[in-house]
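Reviewing the structure listed below.
All of the numbers you see were taken from the coordinates with simple rules; none came from a lab. Nothing here was measured: the structure is a model prediction, and the numbers come from that model. Here the Cβ positions follow ideal geometry from the backbone for every residue, glycine too, while neighbour counts run over all protein chains shown.
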Amino acid sequence: MNLKELKQEVNNIVLDGGAKLVGVGRRERLKDAPPSGDMEYCLPDAQSCIIWAYPNPIEALENYFSKKERMSIKKFQHFAYKSAWDTGLKLKEFIEENSIYKAFVVIPNGKYRKAGGYTNFMKVDQAYPRFSLRYGGVAAGLGHLGWSGNLVTKEFGGSIYLGGILTTAPLEPDPMAKENYCNNCKICWQSCTTGYFEKDLEEAQQEVIIGGKREVYAKRGTYSKCGNGCAGLSGLSEDGKWTTWTADHICLKEYANEEWEANPSLKRELIRKVIVDKNTPKKIRNFNKKILKSYAGVGTTENVALRPLEDTNPRCGNCNFICVADLKKRVELLKLLKTSGKVFLDENGREYVKKLKKDGEEIIYYPPTEEEFFNTNSN
Ligand code: SF4
Ligand code: SF4
């Protein structure tokens, strides 16, 4: 099989596995990127990366941001990570059986260069993947980094999951994306309750140059700020009117990133408060212990694609989810989020939502539990 046929077969396998975008990038394009762009860290003599994407379904996003239900996004996230990994394994087998080349499957999330980078999210200040799928995505022509730091594509914005492999096959690269489809709307920043990335300051710590072009994105704080917001240990908006999918009504945007970084006792105090402090209701402490247990599970495998559905519980991810390609829809999703109310736990530890209707009337409802949702949507 020649290289042209190999590339065609690879693309077919990726798209048959449910991905909607795929591209090929060459090593030369990543020569000036930070260390996570170094393909040879994972695979000696790697020449190309093949990167693909699964966009979040719009209806699932509407339900997630309005707090109608969070199970559709849970289901899709589980599908996307699992498919990214399974497709990678299929490609590796295909390439190595049908050519002289080697391949390496990139873990879609959960594996960092620093040991324990995923589960140690309260301790580690920075954590870098072995190979960055986002950098690979830029090199493969899928898009460019947006303000949030996520890969933003023309077709689906940044509301995507990425999969990828590296290979020693010198495949024909796809053209780099000409434009950056991030329009600096900063809706990603507005949807974040932790302030992990800055609204107006650019990241200057390390330059990201891919294909000779500099990628511009927001200055980041410490990893732990996003880590605990993303996990659901905090998630209250600055105005106190809405939460992420968490009953932990704590807003980390109140702490400047410099303060959070310089004062490790803030992190310790947060964990003490949400897990140990008897002033925090027991039902919330139990909810938080479950969150940490799920994280620990991924820490054991260091591969989020192996996480079971029951432990897949996105509670934030807002900066990524909200960045759909259509700006009008992005604005709409932000509006849904801002009027979505807050999540609470009842005495049995079940999640419910309290929000105000347009006329000021308060409404309370129970979104479907995992059992209810999957029993009635048994597909
Ligand atoms: S939400 Fe707006 S500013 Fe943020 S990455 Fe997407 S397009 Fe860029
Ligand atoms: S995942 Fe959530 S907490 Fe983390 S940066 Fe994005 S919006 Fe902020």
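How big is the charge dipole of the chain about its Cα centre, in debye rounded to the nearest 20, if each Lys and Arg gets +1 on its Cβ and each Asp and Glu gets -1 on its Cβ?
Magnitude of the dipole: close to 800 debye.
Per the Kirkwood definition applied to all pairs of different Cα atoms, how many angstroms is the hydrodynamic radius of the range 172-282?
Over the range 172-282, the inverse of the mean reciprocal pair distance is 16.0 Å.
Where a Cα-Cα gap under 16 Å defines reach, which aspartates and glutamates qualify for Lys335, not counting those fewer than 8 residues away within the same chain?
Output for Lys335: Glu59, Glu62, Glu238, Asp239, Asp326.
At 0.36 nm per residue, and after removing the present C-alpha to C-alpha distance, how many nm does the segment from Glu254 to Lys328 gain when stretched out fully?
23.8 nm
Using the structure shown, select from Lys293/Lys357; Lys114/Lys338; Lys31/Lys199; Lys186/Lys253 the pairs with a Cα to Cα distance greater than 26 angstrom.
Violating the 26 Å limit, Cα to Cα: Lys293/Lys357; Lys114/Lys338; Lys31/Lys199.
Would you work out the charge dipole size for the range 214-314 about its Cα centre, treating the Cβ of every Lys and Arg as +1 and the Cβ of every Asp and Glu as -1, and quote it to the nearest 20 debye?
Roughly 380 debye for the range 214-314.
Mind sorting Thr194, Thr168, Thr153, Thr222 by how few other Cβ atoms lie within 10 Å of their own Cβ, fewest first?
Taking fewest neighbouring Cβ atoms as first place, the list is Thr168, Thr222, Thr153, Thr194.
Given Ile209, Ile250, Ala262, which one lies farthest toward the positive end of the charge dipole of the range 206-336, if we put +1 on the Cβ of every Lys and Arg and -1 on the Cβ of every Asp and Glu?
Comparing the listed Cα positions along the dipole, Ile250 ranks first.
Separation between the Asn348 and Lys178 pseudo-spin-labels, each 7 Å from Cα along Cα→Cβ, expressed in nm?
5.8 nm
Binning at 10 Å from 0, report for the chain what percent of all alpha-carbon pair distances ends up in each bin.
5, 23, 34, 25, 10, 3, 0
How far apart, in nanometres, would the label points at Cys185 and Lys357 be if each is projected 7 angstrom from Cα along the Cα-to-Cβ direction?
It works out to 2.9 nm between the two label points.
Listing His78, His144 from the residue with the fewest other Cβ atoms within 10 Å to the one with the most, what is the order?
Numbers: His78 20, His144 26.
Ordered by Cβ neighbours within 10 Å, fewest first: His78, His144.
Quote the charge dipole size of the range 146-261 about the Cα centre in Debye, to the nearest 20; the model charges only the Cβ of Lys and Arg (+1) and of Asp and Glu (-1).
It comes to approximately 220 debye.
Going by average Cβ density within 10 Å per residue, which order do the peptides 201-214, 100-113 take, highest to lowest?
Top to bottom by mean Cβ count within 10 Å: 100-113, 201-214.
Measuring from the lowest to the highest alpha carbon on each principal axis, how far does the range 297-340 reach, largest first, in angstroms?
So the extents along the principal axes, rounded to whole Å, are 40, 22, 14.
Please sort 160-166, 338-344 by packing, taking for each peptide the average over its residues of neighbouring beta carbons within 10 angstrom, highest first.
Those peptides, ordered most packed to least, come out 160-166, 338-344.
Name the residue from Asn56, Leu166, Gly240 whose Cα lies farthest towards the positive end of the charge dipole of the chain, charges +1 on Cβ of Lys and Arg and -1 on Cβ of Asp and Glu.
Gly240
Run through every distinct alpha carbon pair of the range 179-226 and return the Kirkwood hydrodynamic radius in angstroms, one decimal place.
So the Kirkwood estimate lands at 11.9 Å.
Within a 10 angstrom radius of the beta carbon, how do Ser66, Ser265 rank from fewest other beta carbons to most?
Ser265, Ser66
Could you state the principal axis extents of the C-alpha atoms in the range 1-149, from the largest down, to the nearest angstrom?
Here the spans come out as 50, 36, 26 Å, largest first.
Assuming a viscosity of 1.002 mPa s and a temperature of 20 °C, what translational diffusion coefficient in µm² per second does Stokes-Einstein assign to the range 147-220, Rh being the Kirkwood radius over Cα pairs?
It diffuses with D of about 149 µm²/s by this estimate.
Taking 0.36 nm per intervening residue step and subtracting the Cα-Cα distance, what contour gain separates Glu96 from Glu28 on full extension?
On the way: separation 68, 0.36 × 68 = 24.48 nm, distance 2.27 nm.
Separation in residues times 0.36 nm, less the Cα-Cα distance, equals 22.2 nm.
Hey, which of these cross-link pairs are over 19 Å Cα-Cα: Lys241/Lys354; Lys74/Lys225; Lys67/Lys283?
From the list (Lys241/Lys354; Lys74/Lys225; Lys67/Lys283), the Cα-Cα distance tops 19 Å for Lys74/Lys225; Lys67/Lys283.
How much length is gained if the chain between Ile271 and Asp200 is pulled fully straight, taking 0.36 nm per residue apart and subtracting their Cα-Cα distance, in nm to one decimal?
22.7 nm
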